[in-house]
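Notes follow once the structure below has been shown.
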Amino acid sequence: MIVGNGRPVFSGIAIGRAYVYKKGLATLPASCGDAAVEQQKFETAKQTALEQLQSLMEETAERLGEEQAMILDVQMMMMDDQDYLDSIAAMIQNGASAAEAVKETGDTFSAAFAAMDDAYMQARAVDVRDVSSRVVTILCGGKVGFAMEEPGILIAEDLTPSETVQMPKDKILAFVTRQGSSNSHTAILARIMGIPSLVKTQINLDDGVDGHPMIVDGFDGRYYIDPDEEVVRLMQEKKHTADEHQRQLEAYRGKESITRGGQKVKLFANIGNPSDVEHVLKGDAEGVGLLRSEFLYLGRDSYPTEDELYNAYRKVVEGLQGRRVVIRTLDIGADKQADYFQLDKEENPALGLRGIRICIRRPEVFRTQMRAIYRASALGPVSVMFPMIASVWEVRKVKEMCQTIRDEMAKEGIPMGEVEHGIMIETPAAALVSEQLAAEVDFFSVGTNDLTQYTLAVDRQNPSLDGFYDPYHPALLRLLRLVAENAHKAGIWCGICGELGGDLTMTETFLDMGYDELSVSPTRVLELRKKVCESEVSPK
Ligand code: PEP
Ligand code: MG
C-alpha cells in the first residue's frame with residue numbers, strides 16, 4: 001500500500017482505479033541508431049494517432065456538434081500531407097529519433113502557418129502543433145487525452161483549464177495532481193463537479209500505479225494506492241458518514257435562505273458549462289450567480305460562433321426553468337489561454353491583457369458574445385457582468401458598446417429581454433472607486449479570488465505562496481465592507497461569487513455586511529443554507 005498526502009480542494013471519499021494522465025515528455029528519446037526502426041516507430045504511432053482522432057471525432061460530433069468535430073478531420077488530413085511526411089522522413093534519415101523528427105517538423109510547419117497572411121491558414125498552426133504533439137506523446141509512451149473506459153481517479157502532473165474542459169466528467173471520481181493550487185480554476189471545477197480532489201501531492205506518475213485500486217480522502221488530504229483491507233473498511237465507513245450528512249442536508253432543500261433574525265440572502269451557484277445546470281438543480285441553488293463563460297472558449301481551436309454561444313446559453317436559461325443566470329463575459333487571459341486568440345506572450349499575464357481588456361481591444365469578439373447573450377435573454381431571466389474592471393471609463397465604454405449592439409439587434413427585429421448589467425469587483429481599484437462605479441451599473445459581484453490576489457500581490461496560481469494567500473486579511477475585509485456600503489447607498493444589489501462566498505466561517509460576517517447574494521459551488525448551497533438558517537443576524 002502506498003500512502004501520500006496533498007492539499008484537499010473538495011472533501012469526500014472516492015474509491016476506484018487510478019488513471020494516470022501524462023502529457024508528452026519534456027526530454028525526447030534519442031534515436032536507436034537505425035533509421036528504418038525509427039521510421040517504423042513513426043508509422044505505428046501515426047496509425048495510433050489516426051485511430052484516436054477518429055474516435056475523438058465521433059465523440060466530439062455527439063457532444064459539441066459536427067462543426068467542432070471537423071477540426072479533428074483537418075488534423076487527420078494533416079497527417080497525410082506529403083510535405084509534412086517527407087520532412088519527418090528526411091530528419092529520421094539524418095539521425096533524428098521519430099519523436100524528435102515529429103516535434104521539429106510540427107514546430108517548423110506550425111511557425112510557417114502562423115506567419116501566413118490568410119487567417120484560415122494561420123489558424124491551422126494550432127492543428128499542426130496539436131497533431132504533432134499527439135504523435136510525440138504516443139512515441140514517448142504517454143496517453144493522449146482522456147481515453148477513460150471506466151470511472152476512475154485521475155492522476156496528473158497538473159491540469160490546465162483547457163484540459164479540464166475536455167475531461168469526460170462523468171468518468172472522473174477524483175483528481176490527484178502533483179502541482180496546482182487550491183485557488184486554481186481546476187480546483188474550482190472540482191468543486192463545481194463535487195468531486196474529492198487533492199493538489200500538491202508527491203504522487204509518482206511513473207510508479208506503475210496506472211489501473212491500481214486507489215482511494216482519495218478529500219477530508220484529510222490523503223490518498224492510498226493498493227489500500228489494505230483495514231483502510232478500505234475505514235474509508236467505506238467514512239464515505240457512509242459523509243453520505244449520511246448529505247442526506248441530513250436534504251431538510252434544507254426548497255427552504256428559503258433566511259436567518260433567525262429575518263435577514264434574507266440569495267444563494268446562487270457558480271458554473272462553467274451548460275452541462276453544469278444539472279448540478280445547480282441537484283444542489284438546489286436559487287439561480288446561477290456566475291457562469292464563467294470563458295470555458296466555452298477553451299479546449300477548442302477557433303472562436304465559437306454566435307449561434308454556438310447562443311445555443312449554450314439557451315440550454316442554461318431553459319435548464320434553469322425561470323431561475324436567473326448571471327453570465328460573465330469571457331475572462332480569457334492569465335491562466336485561461338486559448339491559442340487561437342493569438343495573444344502575445346506576456347511577462348505578467350495576471351496583470352496583462354485579460355477579461356474586459358480583451359473585449360475592449362477586440363470589439364468583434366465581444367459583440368459576438370453579447371449578441372448571443374441578448375438573444376438568450378428573450379428566453380428567461382439573464383444578467384450579464386464584466387470581469388476585471390479597474391476604472392469607471394471601462395464601464396462607460398462597455399455600456400456604450402452594449403447599447404450599440406442592442407440598437408443594432410432591435411433594428412434587426414431580434415427579440416431580447418430586459419438584461420441587468422453588472423460588474424465584478426475583483427481589483428482593489430474597483431473596490432476603492434465602487435461609489436462611482438455603483439452609479440453606472442445594476443449590481444456588483446465581488447470576485448474574492450482575484451481581489452485577494454491583487455490586493456495582497458500574491459499569485460493565486462502559485463502553490464508555494466498558499467500561506468501568503470490570505471482571503472481573511474483585514475485589507476480584504478475592509479474592501480468587502482466598502483463595496484457593500486457603496487452598492488446599497490446607490491440602491492443596487494451586491495453579491496460575492498469568489499470562493500470565499502462559500503466559506504462557512506465567513507457567512508455571518510457577509511450577512512452582517514449586508515451582502516444580498518452569495519454564489520458558490522452548487523455542491524455547497526445546502527450546507528450554506530443551513531448555516532444561514534441557523535444564524536441570528538438581523539437586517540440593519
Ligand atoms: C474571482 O476572481 O473571485 C472570480 C470569481 O473569478 P475567477 O475565479 O473566474 O477569476
Ligand atoms: Mg476573477
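The values are calculated or read from the model by the stated rules, or taken from the named source; none is laboratory data. Values in this document were obtained by computation on a predicted structure and should not be read as measured data. Note: ideal-geometry Cβ built from the backbone for every residue, glycine included; neighbour counts use all protein chains shown. Protein only, heavy atoms only, side chains kept; ligands, DNA and RNA dropped before computing areas. Shrake-Rupley method; radii C 1.70, N 1.55, O 1.52, S 1.80 Å.
Find out how many positive minus negative residues lie around ASN348, taking Lys and Arg as positive, Asp and Glu as negative, among other residues whose Cβ is under 15 Å from that of ASN348. Can you show the working numbers first?
Values: positive: LYS345, ARG354, ARG357, ARG460; negative: ASP335, ASP344, GLU346, GLU347, ASP450, ASP459.
So the environment of ASN348 carries a net charge of -2.
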Contour minus Cα-Cα distance for LEU281 and VAL37 (0.36 nm per residue): 82.3 nm
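Nothing charged except the Cβ atoms of Lys and Arg (+1) and of Asp and Glu (-1): what's the magnitude of the dipole of the chain about its Cα centre? Round to the nearest 20 debye. Intermediate results must be reported in sequence, preceding the final value.
On the way: 58 positive and 83 negative charges, 397 e Å.
Using Cβ point charges on Lys, Arg, Asp and Glu, the chain gives about 1900 debye.
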Value in Å of the Kirkwood radius, where the range 486-540 supplies the Cα pairs that are averaged: 11.7 Å
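How big is the charge dipole of the range 338-381 about its Cα centre, in debye rounded to the nearest 20, if each Lys and Arg gets +1 on its Cβ and each Asp and Glu gets -1 on its Cβ?
Details: 8 positive and 5 negative charges, 58 e Å.
The calculated dipole for the range 338-381 is roughly 280 debye.
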Tilt relative to the chain, helix 35-64 - C-alpha long axis, 0 to 90 degrees, to 10: 30 degrees
Charge dipole magnitude, Cβ of K and R +1, D and E -1 - the range 68-211, Cα centre, debye nearest 20: 700 debye
Centroid-to-centroid separation of the range 233-303 and the range 1-51 [C-alpha atoms, Å]: 34 Å
Heavy-atom accessible surface of the chain: percent carbon and sulfur, 1.4 Å: 51 percent
Using alpha carbons only: equivalent-ellipsoid semi-axes of the range 157-236, gyration tensor based, whole Å: 22, 14, 12
Probe 1.4 Å, protein heavy atoms only - accessible area per residue of the range 99-142 in square angstrom: 43 Å²
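Report, please, the projected area of the range 217-311 averaged over directions, based on the convex hull of its C-alpha atoms, in nm².
Values: hull surface 41.6 nm².
Convex hull of Cα atoms, orientation-averaged projection: 10.4 nm².
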Neighbour net charge for ARG7 - beta-carbon separation under 9 angstrom, K R +1, D E -1: 0
Taking the range 422-540 and dividing mean pair separation by its residue count, relative contact order in percent (alpha carbons under 8 Å, at least six apart): 25 percent
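Can you show me the helix-derived [θ] at 222 nm for the chain, built from DSSP H runs with n ≥ 4 at -39,500 (n - 2.57) apiece and divided by the number of residues, rounded to the nearest 500. Kindly include the intermediate steps, with their values, before the conclusion.
Values: 19 runs with 240 residues, N = 540.
Using -39500 (n - 2.57) per qualifying helix, the result is -14000 deg cm²/dmol.
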Added length on full extension, which subtracts the Cα-Cα distance from 0.36 nm per residue, ALA89 to ASN204: 37.9 nm
Degrees separating the helix 119-139 axis from the principal Cα axis of the chain, which is the longest one: 70 degrees
The range 291-354 - Debye-derived log10 I(q)/I(0), Cα point model, q = 0.25, 0.26 Å⁻¹: -1.09, -1.14
Binned Cα-Cα distance frequencies in the range 388-459 - 10 Å width, integer %: 19, 41, 26, 12, 2
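Report the Rg/Rh value for the range 413-512, based on alpha-carbon coordinates and the Kirkwood definition of Rh. Let's see the in-between values first.
On the way: Rg = 14.8 Å, Rh = 14.3 Å.
That ratio is 1.04, to two decimals.
By how many nm would the segment from GLN337 to ARG233 lengthen if fully extended, with 0.36 nm per residue of separation less the alpha-carbon distance? If you can, show how the numbers build up before the last one.
Details: separation 104, 0.36 × 104 = 37.44 nm, distance 4.28 nm.
Roughly 33.2 nm would be gained on extension.
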Spacing of the two label points (7 Å from each Cα toward its C-beta) at GLN82 and VAL3, in nm: 6.4 nm
Net charge of neighbours whose Cβ lies under 12 Å from the Cβ of ARG529, counting Lys and Arg as +1 and Asp and Glu as -1: +1
Among LEU456, ALA439, GLY352 the positive-end extreme of the charge dipole of the range 348-485 (Cβ point charges): GLY352
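Take the residue pairs LYS169/LYS238; LYS282/LYS336; LYS489/LYS531; LYS266/LYS345; LYS171/LYS238; LYS169/LYS255 and return only those whose Cα atoms are more than 32 Å apart.
Values: LYS169/LYS238 24 Å; LYS282/LYS336 28 Å; LYS489/LYS531 27 Å; LYS266/LYS345 40 Å; LYS171/LYS238 22 Å; LYS169/LYS255 29 Å.
Check vs 32 Å cut-off fails for LYS266/LYS345.
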Å² of accessible area per residue within the range 202-263, as computed with a 1.4 Å probe and no ligands counted: 59 Å²
Calculated Rg and Dmax of the chain using C-alpha coordinates, Å: 24.6, 80
